[in-house]
1. Starting from segment 7-20, take each residue that is open to solvent by less than 70 Å² (accessible area, probe 1.4 Å) and list its partners that are assigned to a loop (DSSP other than H, G, I, E, B), counting only C-beta distances under 6 angstrom and pairs at least six apart or across chains.
2. Is it true that Arg87 is closer than 30 Å to Asn12 by Cα, modelled with pLDDT of 90 or more, surrounded by 10 or more Cβ atoms within 10 Å (Cβ to Cβ) and under 27 Å from the mean Cα position of the chain (by Cα)?
3. Kindly indicate which of Ile106, Ile117 is modelled with pLDDT of 80 or more, among the aliphatic types (A, V, I, L, M) and closer than 30 Å to Pro9 by Cα.
4. Could you tell me whether Phe76 is at pLDDT below 90 and assigned to a loop (DSSP other than H, G, I, E, B)?
5. Just give me the residues in segment 27-48 being open to solvent by less than 60 Å² (accessible area, probe 1.4 Å), at pLDDT 90 or above and closer than 15 Å to Phe76 by Cα, in sequence order.
6. Would you check which residues across segment 90-110 are of a type outside the set (Lys, Arg), outside any strand (DSSP E or B) and exposed (fewer than 10 other Cβ atoms within 10 Å of the Cβ) and list them?
Amino acid sequence: MFYEAYTAPWINDEFKATSRLTLTFGLRFDYQFARTESRDQYSTFDSTAPNPAAGNLPGAVIFAGKCAGCSGRRTFESPKHDAWGPRLGFAYRLGDKTAIRGGYGIYYSGVSFDQFIGQPTMGYTSNPTVSKHI
């Protein structure tokens, strides 16, 4: 079973600049944690890992965990800590029933790990088949 998590704390404040103008400022931090598997049954292709089955040429499937032949890591990802999203907004009151509003922000979103591909468990799964001859 794979574990994946996403968090996005933020701060926001409003400032009444004049009786007609209100400004909004904010900052949000989005972070997607590295994916792990509960029993370290996780694999990936590493283009630089020596492949013993190919005379140690680069390019091999590597495995998570701490076992003989495993990478010693629980994950193969190194998420960055750079997804800062500033926010800026305003509201200007033209009259008792009319206002102009606008805003700007940088937005990030998490990506489900198996949204586009299957599970990265090569070497831990099988697809047994039995053929019947008549």
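The values are calculated or read from the model by the stated rules, or taken from the named source; none is laboratory data. Predicted, not measured: the structure shown is a model, and the values here were computed from it. Note: ideal-geometry Cβ built from the backbone for every residue, glycine included; neighbour counts use all protein chains shown. Keep in mind that these areas ignore ligands, DNA and RNA; they rest on the heavy atoms of the full protein, side chains included. Shrake-Rupley method; radii C 1.70, N 1.55, O 1.52, S 1.80 Å.
1. Going by the 6 Å Cβ cut-off, the qualifying pairs are Ala8/Asp30.
2. Spelling it out, Arg87 is indeed closer than 30 Å to Asn12 by Cα, modelled with pLDDT of 90 or more, surrounded by 10 or more Cβ atoms within 10 Å (Cβ to Cβ) and under 27 Å from the mean Cα position of the chain (by Cα).
3. The conditions single out Ile106.
4. yes
5. Within segment 27-48, just Gln32 meets the criteria.
6. Matches in segment 90-110: Leu94, Gly95, Asp96, Thr98, Ser109.
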